[in-house]
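Just below is one structure, and these are the notes that go with it.
The values are calculated or read from the model by the stated rules, or taken from the named source; none is laboratory data. Since the model is a prediction, treat every value here as computed from it, not as a measurement. Methodologically, a virtual Cβ is constructed for each residue, glycine included, from the backbone with ideal geometry; neighbour enumeration extends over all protein chains shown.
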Amino acid sequence: MLEVKDLHVNFQTFRGTIEALKNINFSIAEKEVVGIVGESGSGKSITALTILGLLEKNADIASGEITYRGDNLLALSKKEIQTIRGKKIAMVFQEPMTALHPTMKVGEQLSEVIRRHRNVSRKEAKRLMLVALNDVHIHQPEYVAKQYPFELSGGMRQRIVIALAMAAPPDLLIADEPTTALDVTIQHEILQLMKELNEKKGTSILFITHDLGVVSQICNRTIVMYAGEVIESGETKDVLYTPQHPYTKALIEALPDGKNANVPLKAIQGEVPNLMERPIGCAFASRCSHVMETCKTNPPALAHWQNQHDVACWLERG
Amino acid sequence: MELQPQAESVQAQPVKKSALLYKLKKNKLTMVGAVILGVIILAAVFAPVLTPYNPNMIDAANKFQGPSWSHWFGTDEVGRDIFTRILYGARLSLGLGIVAILIAAGIGLVIGTISGYFGGMIDQAIMRTMDMVLAFPTLILAMALAAALGPSIQNAMIAIALVKIPVYVRLARSETLSLRESLFVKSAQTFGIRPFRIIRKHIMPNSVSPVIIQGTLDVGDAILLIATLGFLGLGAQPPAPEWGAMISIGWKYLLDFWWYPTFPCLFLFLSAGALNLIGDGVRDVLDPRSSR
Ligand SMILES: Nc1ncnc2c1ncn2[C@@H]1O[C@H](COP(=O)(O)OP(=O)(O)OP(=O)(O)O)[C@@H](O)[C@H]1O
Ligand SMILES: [Mg+2]
C-alpha cells in the first residue's frame, strides 16, 4: 500500500548539511502493523514527517519516491497532499499534552475533523463524535466532549488524539512514539486500543518507538534504523529472536529482562556518528564489537538474508 | 480514575471570566483607572440628564464666565457651557478612539496572522510595507493622512486606524510564527484541516490576547492623537465639542480665562491616564510572560 524507495533527506543548516536519512527502503501492506525502532536521532520522526509532507523548510528531499496506492506522494502539490493527510494517512505525535488545541473543547475539535472528512451535518457530526469517543474507550463521551484538554489526563488526551487521527478513518496511521510520555499501565491500554483499531477498522499502522518491548506486542514487522539508515528489517519474531545486525543484537541485550532486573543495563559503547560527517564505511563500525577491515571503508547495503529478513552488515555475507 | 480532571498543566489555559475579573479587581491601580474611565463614560452617556445646556448653544451675553454653580467649568468665547461641551466631547473622543483601535487591531490581526502562517513572498511583501509605515513617526503620518483625506473627525479616526495597523500586524505575526510551529497546529495539519480554518480556529484564538493587551494600551494613545489632530485643525472642526479642538481655541485665552483650556486638558489627561492603567492591568492578567 505504501512504499518508500531510496529516500534521501538532508537538512541545510548554517553549520553544514546534515544527512538525516540515507537510502531508506521499506513498505507497508494493507492492515499491517510495522514498527520502526532506533535510538534518538536515528531519523524515525523525519521518516514519518516526510511521508506526510510536513518537513521543516530547511529540509531537502534529495532523492527517492514514496508511493501510496500508485501515487508518488513526493510529487503531489500542496493541495493534493492535503487531501491525503488525515483522510488517507493520519499521524499521532508523541506529546499528547500539547497535541490538542488548548482553548477548544475536545468534542468540538473532534467534530471539526469529522466534518472535514465526512460530508455530514453538524448534528450528525456530533453523533459520530460521541461514537468516535466511545470507539477509543472513553466511557462518558458526553461529559468528556465538553472538557478542555487541560482538564484531562495524559492517557485521556492520547485517546482523543487517536480518535482525531482515526476520524476519517485513514488507511494508514503513523504513530510517533504515542506511548512514550505515558505511564506503563496506560501505555499498555493505548497499545491494546491501537491493536483493536487495526483489527476492527483495518487501518495499517506505522509504529515509531525506541522500545523493543512495545514492538514485540503489536508489530507484525519491524524495521531497525541507525543513523538515518535501515540496518535490519523483517518479521518481528525473526528480528527479535534471530537478530543479525550487531546493533540490533546490542539493543536486545540492552533490554532489561524481568529475571535479573538488578543487573545494570548493557549500554552500547560509543556515540552515534555525526550526521554532518558520515563515516565512509558502515555507520556503526566505530561502536561495533565485530568490526572488520572492510566495514571501515565500504558501507554495507541492505540485503536479503532469509525469508523476508533483510540486514545491512558484512558479517552476514560471509 | 482516568476521568478525574487534572489541575496541573503546562499549557495555556482558558481562564474563566470570573477569575479574570477577580485578578483585575485585585490590582488597585487598574481599579482606579476603571473607576475614572467609568465615571467619564457614564457622564458622557447621561450628558443630557446631567446638564441643562446644549453643547453648541451660543449665549453671547454670558461669554467667558468663570466657574460657578450655574457653569461648573465656566463658559467659552461665545458663552457655551464648557462642562456640557466636555461631556459631549467625551462621546467623540472615547468613541472614536475605541473604534479606531478596533479597526486597526482587527485588520492587523488578520493581516499579521496570514503573513506569519504562509510566510514566503506574501510575508515579505506585507512586512516590508509595514516597515515602511513604521519608519514614519506616528503623529506625522497621521497628520499627513488626515490632511490628505480632508480634515474631519471621521477622517482623523481613519488616519489613526491606518497608522496603528502595523503594530498589530507585527504582534499577530510573531505570535503566529511560534504557534505555527506548535504541536497542536502541526497535528491539526496532519488531521487534514484546511489552512484557512487552521488560521481562523486554531491560531487566531490563541494569538488574540497580545493584540487585546496592545489594544487596551493604545486606546489612550488614540484619544490623544485624535485630540492632537483636532488641536492642529486636521481633525474635528468647530463647532464640534471635541477636546483637542476646544484646547486649540482655548489655549489662546489661558492667561485671562484659565478655565477654558484647563478643563478639556484635564479630561484628556484623566482619560488617557485611566486607559493606560487599565491596559497595564489587562496585560498583567492576560500575558503569562509579564511578571505578576
Ligand atoms: N529541522 C532540522 N534541521 C536540522 N536537523 C534536523 C532537523 N530536524 C531533525 N534534524 C536532525 O535529524 C536527525 C533525525 O531526527 P529525528 O527527529 O528523525 O530523530 P528520531 O529518530 O525521531 O529521534 P527521537 O527518538 O529523539 O524522536 C537528528 O539528528 C536531528 O538533529
Ligand atoms: Mg522522534
Problem - Flag for residue A:204 being under 16 Å from the mean Cα position of the chain (by Cα), in contact (Cβ under 8 Å) with a residue 60 or more places away in the chain, on the phi < 0 side of the Ramachandran plot and away from ligand 2 (no atom under 16 Å from the Cβ) - result: yes
Handout entry: Residues of the stretch A:132-159 that turn out to be within 11 Å of chain B (Cβ to nearest Cβ) and of a type in the set (A, V, I, L, M), as a count
Key = 4
Practice task
Considering every residue within the stretch A:56-72, establish whether at least one is modelled with pLDDT under 90, assigned by TED's automatic domain parsing to the domain that holds residue A:218 and within 16 Å of ligand 2 (Cβ to nearest atom).
Solution key: yes
Handout entry: Pair list, Cβ < 7 Å and 6+ apart or interchain, from the stretch A:43-66 residues that are within 11 Å of chain B (Cβ to nearest Cβ) to residues that are more than 11 Å from ligand 1 (Cβ to nearest atom) and of a type in the set (Asp, Glu)
Key = none
Practice task
Give just the number: which of (1) more than 16 Å from ligand 1 (Cβ to nearest atom); (2) more than 9 Å from every other protein chain (Cβ to nearest Cβ); (3) not aliphatic (A, V, I, L, M); (4) not in a loop (DSSP other than H, G, I, E, B) does residue A:23 not satisfy?
Solution key: (1)
Exercise for the section: Can you work out which of the residues in the stretch A:234-276 that are of a type in the set (Asp, Glu) and at pLDDT below 85 is surrounded by the most Cβ atoms within 10 Å (Cβ to Cβ)? Expected result: A:253
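For residue A:30, indicate whether it is away from chain B (no Cβ under 14 Å), assigned to a loop (DSSP other than H, G, I, E, B) and away from ligand 2 (no atom under 16 Å from the Cβ). If you could, list the steps in order and put the result at the bottom.
Working: away from chain B (no Cβ under 14 Å): yes; assigned to a loop (DSSP other than H, G, I, E, B): yes; away from ligand 2 (no atom under 16 Å from the Cβ): yes.
When the stated conditions are applied, residue A:30 passes them.
Could you tell me how many of the residues in the stretch A:1-42 are among the charged types (D, E, K, R) and without any contact (Cβ under 8 Å) to a residue 60 or more places away in the chain? First the steps, then the outcome.
So the first thing to find is which residues in the stretch A:1-42 are among the charged types (D, E, K, R), and the list is A:3, A:5-6, A:15, A:19, A:22, A:30-32, A:39.
Retained after the next criterion (residues that are without any contact (Cβ under 8 Å) to a residue 60 or more places away in the chain): A:6.
Residues in the stretch A:1-42 being among the charged types (D, E, K, R) and without any contact (Cβ under 8 Å) to a residue 60 or more places away in the chain: 1 in total.
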Practice task
Please state which one of A:82, A:94 is among the polar types (S, T, N, Q), out of contact with any Phe, Trp or Tyr (no Cβ under 6 Å at 6 or more places or on another chain), closer than 30 Å to residue A:128 by Cα and within 16 Å of ligand 2 (Cβ to nearest atom).
Solution key: A:94
Practice task
Tell me, please, whether a residue that is within 29 Å of residue B:91 (Cβ to Cβ), away from chain A (no Cβ under 11 Å) and surrounded by fewer than 21 Cβ atoms within 10 Å (Cβ to Cβ) can be found in the stretch B:198-209.
Solution key: no
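In the stretch A:167-188, what count of residues is obtained for those that are assigned to a loop (DSSP other than H, G, I, E, B) and within 10 Å of chain B (Cβ to nearest Cβ)? Full working, then the answer.
Just the residues of the stretch A:167-188 that are assigned to a loop (DSSP other than H, G, I, E, B), to begin with: A:167-171, A:177-183.
Subset that is within 10 Å of chain B (Cβ to nearest Cβ): A:167-168, A:170.
Adding up the residues that qualify gives 3.
Would you tally the residues in the stretch A:86-102 being more than 7 Å from chain B (Cβ to nearest Cβ), closer than 14 Å to residue A:166 by Cβ and within 15 Å of the chain's Cα centre (by Cα)?
First pass over the stretch A:86-102, keeping only residues more than 7 Å from chain B (Cβ to nearest Cβ): A:88-89, A:92, A:94, A:96.
Keeping just the survivors that are closer than 14 Å to residue A:166 by Cβ gives A:88-89, A:92.
Restricting the remaining residues to those that are within 15 Å of the chain's Cα centre (by Cα) gives A:89, A:92.
Residues flagged as more than 7 Å from chain B (Cβ to nearest Cβ), closer than 14 Å to residue A:166 by Cβ and within 15 Å of the chain's Cα centre (by Cα) within the stretch A:86-102 amount to 2.
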Practice task
Determine the pairs where a residue that is more than 18 Å from residue A:224 (Cβ to Cβ), located within the stretch A:269-284, has a partner that is at pLDDT below 85 with Cβ atoms under 7 Å apart, the partner being 6 or more residues away or on another chain.
Solution key: A:279/A:273
Exercise for the section: State all residues of the stretch A:18-27 that are within 13 Å of ligand 2 (Cβ to nearest atom) and surrounded by fewer than 24 Cβ atoms within 10 Å (Cβ to Cβ); if no residue qualifies, say none. Expected result: A:20
Exercise for the section: Look through the stretch A:215-228, keep the residues that are closer than 18 Å to residue A:28 by Cα and either aliphatic (A, V, I, L, M) or not assigned by TED's automatic domain parsing to the domain that holds residue A:313 (or both), and return whichever of them is farthest from ligand 2 (Cβ to nearest atom). Expected result: A:218
Practice task
With respect to residue B:180, determine if the residue is charged (D, E, K, R), more than 30 Å from residue A:110 (Cα to Cα) and surrounded by fewer than 24 Cβ atoms within 10 Å (Cβ to Cβ).
Solution key: no
Completion exercise
Here the residues within the stretch A:40-58 that are surrounded by 15 or more Cβ atoms within 10 Å (Cβ to Cβ) and more than 6 Å from ligand 1 (Cβ to nearest atom) are A:47, A:48, A:49, A:50, A:51, A:52, A:53, A:54, A:55
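Having 1 or more residues that are in contact (Cβ under 8 Å) with a residue 12 or more places away in the chain and over 28 Å from residue B:85 (Cα atoms) is the bar; report the helices (runs of 4 or more DSSP H) wholly within the stretch B:150-265 that clear it. Explain how you work it out, then say what you get.
Working: elements: B:153-180, B:183-190, B:204-231, B:243-250.
Once the helices (runs of 4 or more DSSP H) in the stretch B:150-265 are filtered for at least 1 residues that are in contact (Cβ under 8 Å) with a residue 12 or more places away in the chain and over 28 Å from residue B:85 (Cα atoms), what remains is B:153-180, B:183-190, B:204-231.
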Handout entry: Residue, surrounded by the fewest Cβ atoms within 10 Å (Cβ to Cβ), within the stretch A:81-115, restricted to residues that are assigned to a strand (DSSP E or B) and more than 16 Å from ligand 1 (Cβ to nearest atom)
Key = A:85
Handout entry: Residue count, the stretch A:1-20 (criterion: more than 13 Å from ligand 1 (Cβ to nearest atom) and not in a strand (DSSP E or B))
Key = 1
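Output the number of residues of the stretch A:107-126 satisfying the condition of being within 12 Å of chain B (Cβ to nearest Cβ) and either out of contact with any His (no Cβ under 7 Å at 6 or more places or on another chain) or within 16 Å of ligand 2 (Cβ to nearest atom) (or both). So that I can check it myself, show each step before the final result.
Within the stretch A:107-126, the subset within 12 Å of chain B (Cβ to nearest Cβ) is A:108-118.
Next, from what is left, pick out any that are either out of contact with any His (no Cβ under 7 Å at 6 or more places or on another chain) or within 16 Å of ligand 2 (Cβ to nearest atom) (or both): A:108, A:110-118.
Adding up the residues that qualify gives 10.
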Exercise for the section: Looking only at the stretch A:33-46, count how many residues are within 9 Å of ligand 2 (Cβ to nearest atom) and touching a helix residue (DSSP H, G or I) at 6+ places or on another chain (Cβ under 7 Å). Expected result: 0
